[in-house]
Amino acid sequence: MAKVKTAVITAAGFGTRFLPIVKSIPKEMLPIVDKPILQYVVEECIEAEIENIIVVVREGNDVIENYFTTELKAAEELLESVGKGDRYEPVRQLLSINGLKFVNQREDLPYGNGTPIISAKHLIPENEPFAVLFADDLVLAREKGALRQIIETFEEHDPIGIVGVQKTPKDELYRYGIVEPSEVYDEKSGVLDMIIEKPEPGEEPSDLAVFGRYVVSYDVFNYLKEDATGKDNELWLTDANDKLSRDGKFMYKVVDGKWMTTGDPARYFEAQVNYFLADPRYKDGANDFLQKLSQ
């Protein structure tokens, strides 16, 4: 079985719920504590030993590539001169990331969450499985990162694909794609029959919501094609995965950790609070502040 060495991170959306700030700053570059959302996703790939990380961006969005590649010499020299060179160390670590590639999302393709993956196809080794990560989904993991957990399950069972899921409160299920299992291995994994997008209340096939962490066979491109549009005339990764699942075992994996979407300001704020509370540098101050608010 081929090792998962490549990941595609989709970071080409407009983030319209965050207007006007996203006029100048891509949503994926909004900060969580002291790093942009996207950096957490890149670091998740590194922790999973991904060798080739492809970030798909909108054309003209140089802010993202510049962040990962541009030095800040004036700041480095200033910090060194006053004996605070350690403050620049996070930047050195950022600039040392290997295997990062940036590609523009093709403007000739229909819109959809499958569009960035097709845009990156020429950089994905043929006949090798690869990971897909949506840059607006974060997972605050307890031990192993979300992608590493998913890859380990993928390598153990050798399915045709696998998606990360999380148990979700019943009153939230209508917001997400929900797994309909066909076979349950254990409380953490199984085989899915299909994914029901945003089911009506009371019609949910399970309490397992899918989020933006996948590993799929290269065969997904048999179905993820430029003219294979679906709902709202968009290119959907879900549609391609549903068709791929007919060719073999497509699994789900309940990820250990807290999945958070940053897709709108309220959920972005929730993610921000959770990350502050998880950070040893700030958790005490954050806890004190929240307690004062509740009084």
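Quick one: LEU244 ticks every box in (1) closer than 20 Å to ILE21 by Cβ; (2) of a type in the set (A, V, I, L, M, F, W, C); (3) surrounded by 15 or more Cβ atoms within 10 Å (Cβ to Cβ) bar one, so which box is it?
(1)
Looking at this structure, is GLU156 modelled with pLDDT of 95 or more, at negative phi, more than 16 Å from the chain's Cα centre (by Cα) and charged (D, E, K, R)?
no
Could you say which residue among ILE178, ILE195 is over 20 Å from GLU156 (Cα atoms), touching a helix residue (DSSP H, G or I) at 6+ places or on another chain (Cβ under 8 Å) and among the β-branched types (Val, Ile, Thr)?
ILE195
Can you name every residue in the range 41-85 that is in a loop (DSSP other than H, G, I, E, B) and surrounded by 17 or more Cβ atoms within 10 Å (Cβ to Cβ)? Steps first, please.
Of all residues in the range 41-85, those in a loop (DSSP other than H, G, I, E, B) come to 48-51, 58-61, 70-72, 82-84.
Across the range 41-85, the qualifying residues are ALA48, ILE50, ASN61.
Is there a residue in the range 225-244 that is of a type in the set (Lys, Arg), touching a residue at least 40 places away in the same chain (Cβ under 8 Å), assigned to a helix (DSSP H, G or I) and under 26 Å from ASN52 (Cβ atoms)?
Within the range 225-244 (the criterion being of a type in the set (Lys, Arg), touching a residue at least 40 places away in the same chain (Cβ under 8 Å), assigned to a helix (DSSP H, G or I) and under 26 Å from ASN52 (Cβ atoms)), the answer is no, since none of the residues qualifies.
Out of curiosity, is ARG92 among the basic types (Lys, Arg), over 17 Å from the mean Cα position of the chain (by Cα) and surrounded by fewer than 18 Cβ atoms within 10 Å (Cβ to Cβ)? Spell out the reasoning first.
Numbers: among the basic types (Lys, Arg): yes; over 17 Å from the mean Cα position of the chain (by Cα): yes; surrounded by fewer than 18 Cβ atoms within 10 Å (Cβ to Cβ): yes.
Judged against the criteria, ARG92 is a match.
Do the conditions hold for VAL220, that is, is it surrounded by 13 or more Cβ atoms within 10 Å (Cβ to Cβ), aliphatic (A, V, I, L, M), out of contact with any Leu (no Cβ under 7 Å at 6 or more places or on another chain) and closer than 23 Å to GLY145 by Cβ?
Answer is no for this residue.
Taking ILE124 as the residue in question, decide whether it is under 21 Å from VAL216 (Cβ atoms) and modelled with pLDDT of 95 or more. Even if it seems obvious, please write down each step before you answer.
Values: under 21 Å from VAL216 (Cβ atoms): yes; modelled with pLDDT of 95 or more: yes.
Answer is yes for this residue.
The values are calculated or read from the model by the stated rules, or taken from the named source; none is laboratory data. Worth saying up front: this structure is predicted, and the values here are computed from it rather than measured. Backbone-built Cβ (ideal geometry, glycine too); neighbour counts: all protein chains shown.
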